[in-house]
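Okay, so here's the structure we're looking at.
Any read-out appearing in this document is the output of simple, stated calculations on the displayed coordinates, not a laboratory observation. Computed from a prediction, not measured in an experiment: that's the story for all the values here. In this analysis, Cβ positions are derived from the backbone assuming ideal geometry, glycine residues included, and neighbour counts consider all displayed protein chains.
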Amino acid sequence: MKESKIPNLITKIKTTTPAHALETQQLDFKRFPTTSSRENHKKKLSSLLREYAVAFANSDGGILLLGIENNITSPEAITGCHNYNIEEMRRMVFDGTRPPIIAEIEELPQPEGMLLAVKVSKSSRIHSTSSGKKYQRVGTENRLIFPEDELNLKVAKGYDYTAGYMLEVGLDSIDPLEVSRLRNWIEKYSPGSESLGLDDTDLLKSLGIIQEIEGEERLTIAGLMLVGKEQASKGHLPQNEIIYFRFGESDVDPVQSIYMKMPLLR
């Protein structure tokens, strides 16, 4: 969302278009929370800021414009922000998100009242509120991220699942026979490679199959898929499967289907 467009959008809200029609994945409008109790006001404001900060950070970043009624087209749509403290609002976001999110908050004075633009950048990490709720922007909505969706979001952010490891999988899950197959592949496709002169452990380290993680040598998930013992792979990665389809005249129904749960080099 380009900040330079905001003045034009505010003009549209005052003259031709309700705010809700201008909302996008990276822009939302909200009335500034008001209650008779200062304590309730803080709770409402903090909850709103945390939700939007997490949703924008987990998506493509965005701006929340506070002080606007989103279903009115007139200067009355600018309801303004009252009794606020920008530094306190920034702390609400920082203290109320995990990992902490740093938000920029800018005042946008209007004749009808003060608007506040809360700007959040896209993050390479997945964030949650301090209570553990994770949101992302889907169109113009903030939607909860459920555990089964989290891996897809990590991958979309550039996270390599196969570079991770499993606590319960040790180096004893390595199959020497699969390591021999790996050496044969290297010799076939990269003859004369210096890595062929390394012992098995150093070879796997040089390829990133074994990595030092938190002070311990770990077999990566990619390593388990490549050189892991078949039973270890089946037990810890039941989703690891090679599926082979052979088609005849039809592109829809295969004439042969083979499902193989085995190390990838076999």
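Which is farthest toward the positive dipole end of the chain among SER206, ILE102, GLY192, measuring Cα position about the Cα centre, with Cβ charges +1 (Lys, Arg) and -1 (Asp, Glu)? So the residue we want is ILE102.
When only the Cβ of Lys, Arg, Asp and Glu is charged (+1, +1, -1, -1), the dipole of region 1-93 relative to its Cα centre reaches about 160 debye.
Give me the Kirkwood hydrodynamic radius of region 162-237 in Å, from all C-alpha pairs, to one decimal place? If you can, show how the numbers build up before the last one.
Working: mean 1/r = 0.0794 Å⁻¹.
For region 162-237, the Kirkwood estimate is 12.6 Å.
Here's the list of lysines a cross-link from LYS188 could span, going by alpha-carbon distance under 21 Å and ignoring same-chain residues fewer than 8 apart: LYS205. On a per residue basis, the convex hull of the C-alpha atoms belonging to the chain measures out at 219 Å³.
Among GLY248, GLY96, GLY80, the residue with the largest mean-square fluctuation in a Gaussian network model of the chain, with springs joining Cα atoms closer than 10 Å, is GLY248. In the chain, the longest principal axis of the Cα atoms and the axis of helix 6-15 are about 50 degrees apart. Enter the angle in degrees (range 0 to 90, nearest 10) between the Cα long axis of helix 86-95 and the first principal axis of the Cα atoms of the chain, meaning the one along which they spread out most. That works out to roughly 30 degrees. Amide H contacts of GLN110 (H built 1.01 Å from N, in plane; Pro and chain starts excluded): LEU115 sit under 5 Å, all sequence-distant by 5 or more or on other chains.
When only the Cβ of Lys, Arg, Asp and Glu is charged (+1, +1, -1, -1), the dipole of the chain relative to its Cα centre reaches about 980 debye. Structure shown: which of LYS5/LYS43; LYS42/LYS134; LYS229/LYS261 lie over 19 Å apart, alpha-carbon to alpha-carbon? Pairs exceeding the cut-off: LYS5/LYS43; LYS42/LYS134.
Among the GluC sites (Glu not before Pro) found in region 187-219, those both in a DSSP coil and sparsely packed, with 13 or fewer other Cβ atoms within 10 Å of their Cβ, are GLU214.
Given R₀ = 41 Å, what would the calculated FRET efficiency be for GLU216 paired with ARG246, taking r from the Cβ atoms and rounding to 0.05? Don't skip to the end; give the middle numbers.
Values: r = 44 Å, r/R0 = 1.06.
Here the calculated transfer efficiency is 0.40.
The equivalent ellipsoid of region 1-158 has semi-axes of 26, 19, 13 Å, largest first, where each one is the square root of 5 times an eigenvalue of the Cα gyration tensor.
Near PHE32, the amide H atoms lying under 5 Å from its own belong to GLY67, ILE68; only residues 5 or more places off or on other chains count, and H is placed 1.01 Å from N. Between helix 176-189 and the chain there is an angle of about 80 degrees, using the helix long axis and the longest principal axis of the Cα atoms. Using Cα springs under 10 Å in a Gaussian network model of the chain, which residue among PHE94, PHE32, PHE245 shows the largest mean-square fluctuation? Taking springs between Cα atoms under 10 Å, the residue moving most is PHE245. Computed over the chain with a Gaussian network model linking Cα atoms closer than 10 Å, the most mobile of GLU69, GLU249, GLU241 is GLU249. FRET efficiency for the pair SER121 and THR73, taken as 1/(1 + (r/R0)^6) with r the Cβ-Cβ distance and R0 = 22 Å, rounds to 0.10.
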